[in-house]
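Okay, so here's the structure we're looking at.
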Amino acid sequence: MTIAVSRTLLAIGFCLSAFILIPQGLNAQDKYHFVLEGKVIDFDTKQPIKNVSIVIRKTKIGTVTDDNGNFKLNTTNTNFTIQLSFVGYIPQSRDIDLSRRDTSIVIELKLKANIELDSVVINARKGINKVKEVQMGTVQINPEALKRVPLVFGEADIIKGLLLQPGVTNTGEASGGFNVRGGNADQNLVLLDGATLFSTSHLLGFYSSVTPDAVQDIMLYKGSMPAQYGGRLSSLLNMKAKSGDPNKAQFNSGVSPISVHLFGNGPIIKDKLTVAGGIRVAYPDLVLNNFPKQFGDSRAFFYDAILKAEYSFNKSNKLSVTGYRSFDKFRFDTLTQYEWQSNLVTLNYLGNFNPKLSLRVNANYSQFISGINGLQHDYEFTLKSSIAQKQAKAVLQYNPNTKNKIEFGPDIIYYNISPGNQDPSSSNSVINPTHIEKEQGREMALFLSDEINFTSRIALQAGLRYVRYDYLGPKNVYTYQTGVPEARETITDTTFYGKNESIKSYGGWEPRASLKIGIDDQTSVKLSYQHGQQFLQLISNTISLSPVDFWKLSDSHIPQQIGDQYGAGIFKNINGTDYEISLEGYYKTAKNMVEYKDGAILLLNPYIESSLLNARGKAWGVEMSFAKNTGKVTMQVNYTYSRSMMQVLTTYASEEVNKGDYYPSNIDRPHNLALIGKIKMGRGWSFNANFVFISGRPTTYPDGNYVINNTIVNNYSTRNQDRLPAYHRLDIGFSNISRRYATQKRYSVWNFSIYNVYAHDNAYSIYFKRQGGTIGSYQLSVIGTAIPSVSWNYYF
């Protein structure tokens, strides 16, 4: 038996033991007869508050509110007092009497008189005691706080906020997507109200496609994710759209140097139907002239819009519908124009049958379309690719007692991909039509998880997921000659599969677990493990994500990606959560990753597998974080040391990369330091600053040249053995909020910031070209100057 098989069987046995043996022992001792259920909401907005701590006084029985502000407490007593607390709100106590029957209550928390929170603007797991929660490797972002982070052109940005956290990087300035713990950008599962978002960027990576005004909660899982989620190896970014206020209408509008926005929410039918939504429209043409010539001659436009309606049948049953759309248009010059768009709609149902049993159902449709418009006379064309996904999932949650939270359910996804269609766009065009066959796939899963609290200090979250994937027809599948590299010339046969016929199947178990052991009330150590599979990969011939990329399903030639991640960490709080210190380490492996042959042809290639290579990867790192969360001066220091390596597996010398040895991946950036600080200055003013230092991205420089027909040609013998200069940047900003008391309805927020204060010319790439008979090196920088900006938001 191989080591990998033994490790997987051990993890499965560990999870099954937790499911089968442990809960029985706990239930045998369960003597809880009374249940308190309730909901915690904001006193002013009536919005639910997530992660409020609720504890029965003089006991160790407690819980936290869920995403909808709901909580349940099982107890043996009928009369007791509960204590509620959450960052920025006045703590509250409530006497409870359950002598007659189970009671359902609604508790309203008021903001503190000093409504400007002490905590750092971007605080990992804001409002949660990291020492006491089971999971590790998680980051929660406050969307409102993002608006006061000094960023380029003053535009609040979710992804750039995440990039200040340990373990999160990208490939460079103005890069689409993000990378987590050495994983590729396509290994991140990004959800908006349960629906997959395939593109996270506007303007080729300058801005996030979802504005913070549209969401009320942002959670990133860098390690072991809950068992109900799957399909990606690296991370889960889970965003929840804002819900409408059930009692009154609220609006906010704003303007920045590149965009305007308007968002609002409120009741349609009191206590029954609410809506929330808005739109952001950008006009970046006004500022593109400040960029290098490659960008200064460009033209761009984008917008995004969201609408969410929520209907409450009663206090136990709720239905919501969310629609989202974003659109981008970018023209580098007068000859080429890029367009891409995202569309999604999602339906969510929440039903609480009784204090111990609830059901969540999600059905969604998500689509991403990208393309190129060629505008050159007589060569006009359109090139488009797309991916569409239909998904349905149900989560049944059962809380048999205060020590167990069990979740179980099915999950099914249908994929439909159009890799590329090129057509002439005028009657005079000489471009010939080219259409690549569509792809279909089906992914089905069952999952089971249990969060078990053995004692107040020891807890386990164990999950098990089984996945079955089928690559479906109609499709022509090519058979290649054995013993030689795959190529069009080595095709020996073609097999046609009919509609919905299974061409190739993959699947297996996906165990995962997180263990927390409390050393004392202020210190804990944690361990985590996750095994996952991924049946979808992004095919890209660029370092950064671009509109010419397209998605590819696993098939007969491209197996599913398989990954394992191990994690360990120690967490320490000082004086409650005034100071938080954490140290996390991880090691992860992946196989069947996609790499590319030298000179690979990717666009409009019906034999795409002949341009791809099978690779395996490994990544490891240490993440350190220190946060000071209270006082006039708050700060956060995040540092990560990490490595990300790749190795191409091939039996053919002509396909070898780096002679078959491991080499740095495109996202290997060993040192990553982020300093975040805030000083409260009084009368609503605050000073904010960020400093980042990141190792340069790996690249490949020529190691020689030769002459062919009087032309100098560069020679490249290895891959990613060189490195760009380190990236570093300082941003500063001042913000002012005119709100003087918690119940003030109309107020404004001004932000003044300078991005890249000392105008450092960070290299995005270094390229080589012939000039005057010799070949010289040249640096391309996206932002090589300081950029001042001002933005204004008004709430009413």
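Taken together, the values in this text are just the output of simple stated rules run on the coordinates, not laboratory data. Predicted, not measured: the structure shown is a model, and the values here were computed from it. Ideal geometry is used to build each Cβ from the backbone, glycine not excepted, and the neighbour counts take in all protein chains shown.
Cβ-Cβ distance of residue 705 and residue 336, R₀ of 30 Å, FRET efficiency by 1/(1 + (r/R0)^6): the value works out to about 0.50.
Subtracting the Cα-Cα distance of residue 653 and residue 521 from 0.36 nm times their residue separation leaves 41.7 nm of extension gain. Partner lysines whose Cα lies under 27 Å from the Cα of residue 680, excluding those fewer than 8 positions away in the same chain, are identified as 50, 110, 112, 126, 130, 147, 160, 572, 628, 632, 745. Dividing the mean sequence gap of close Cα pairs (under 8 Å, 6+ apart) by how many residues the chain holds gives a relative contact order of 11 percent. Straight Cα distances below 15 angstrom link residue 499 to the aspartates and glutamates 437, 439, 470, with same-chain residues fewer than 8 positions distant left out. For residue 786, the residues 5 or more places off, or on other chains, whose built amide H falls under 5 Å of its own are 759. Comparing 381, 190, 400 along the charge dipole axis of the chain, the residue lying farthest to the positive side is 400, per the Cβ-charge model. Taking max minus min of the alpha-carbon positions on each principal axis, the stretch 624-758 gives extents of 74, 36, 25 Å, largest first. Once the convex hull of all Cα atoms in the chain is built, its volume per residue stands at 172 Å³. Once a ≥ b ≥ c are taken as the square roots of the eigenvalues of the Cα gyration tensor of the stretch 714-796, is the result rounded (a/c under 1.5), prolate (a/b larger than b/c) or oblate (a/b not larger than b/c)? The shape class here is prolate. For residue 272, the lysines whose Cα comes closer than 19 Å to its Cα, not counting residues fewer than 8 places off in the same chain, are 39, 46, 242, 248, 308, 315, 318. Applying a DSSP loop filter and a limit of 16 other Cβ atoms within 10 Å to the chymotrypsin sites (Phe, Trp or Tyr not before Pro) in the stretch 637-728 leaves 652, 662, 716. The string of couplings for the stretch 258-269 from the Karplus curve (6.51, -1.76, 1.60, θ = phi - 60°) is 10, 7, 10, 8, 9, 10, x, 7, x, x, 9, 10 Hz, one whole number per residue in order, with x for Gly and Pro.
Between the C-alpha center of the stretch 303-325 and that of the stretch 182-256 there is a gap of 16 Å.
Other residues within the sphere of radius under 12 Å centred on the Cβ of residue 464, judged by their own Cβ, net out at -1 (K and R +1, D and E -1).
A simple spin-label model places pseudo-atoms 7 Å from Cα toward Cβ; at residue 106 and residue 321 they are separated by 2.4 nm. Spatial offset of the stretch 655-716 relative to the stretch 388-415 amounts to 40 Å, using the alpha carbon center of each.
Taking the C-alpha atoms only, the angle from helix 3-20 to the longest principal axis of the chain is near 20 degrees.
Here the stretch 35-59 is scanned for amide nitrogen atoms under 18 Å from the site 7 Å beyond the Cα of residue 78 along Cα-to-Cβ, giving 35-37.
Residues of the stretch 320-356 falling in the label zone of residue 378, defined by backbone nitrogen less than 20 Å from a point 7 Å along Cα to beta-carbon, are 334-336. Using the empirical formula 2.2 N^0.38 Å as the baseline, the Cα radius of gyration of the stretch 275-407 reaches a ratio of 1.59. Within the stretch 31-109, antiparallel bridges make up roughly 75 percent of the DSSP beta bridges whose residues both belong there.
Taken one residue at a time, the phi angles of the stretch 417-431 give Karplus couplings (6.51, -1.76, 1.60, θ = phi - 60°) of 10, 10, x, x, 9, 10, 9, x, 10, 8, 5, 9, 5, 8, 6 Hz. Gly and Pro are set to x.
Derived scalar couplings between HN and Hα for the stretch 365-378 equal 10, 9, 9, 9, 10, 9, x, 10, 10, x, 10, 5, 4, 6 Hz in order, rounded to whole Hz, by the Karplus curve 6.51 cos²θ - 1.76 cosθ + 1.60 (θ = phi - 60°), x for Gly and Pro. Here the calculated FRET efficiency for residue 574 and residue 502, from their Cβ-Cβ distance with R0 = 45 Å, stands at 0.20, rounded to the nearest 0.05. When the convex hull of its Cα atoms is viewed from all sides, the stretch 31-109 shows a mean projected area of 5.0 nm².
Quick one: if the Förster radius is 45 Å, what FRET efficiency do residue 456 and residue 492 give, using the C-beta to C-beta distance and rounding to 0.05? Once rounded, the FRET efficiency stands at 0.10.
Annotation: extensible slack from residue 353 through residue 286 equals 18.7 nm (criterion: 0.36 nm per residue apart, minus Cα-Cα distance). Backbone N atoms of the stretch 49-85 closer than 11 Å to the 7 Å Cα→Cβ label point of residue 95 belong to residues 80-81.
With an 8 Å Cα cut-off and a minimum separation of 6 or more residues, compute the relative contact order for the stretch 556-688 in percent.
The normalised contact order for the stretch 556-688 reaches 20 percent.
Contour minus end-to-end for residue 614 and residue 481, with contour as 0.36 nm per residue of separation and end-to-end as the Cα-Cα distance?
Value of the extension gain: 46.1 nm.
Charge tally around residue 688: other residues with Cβ under 10 Å, Lys/Arg +1 each, Asp/Glu -1 each, net +1.
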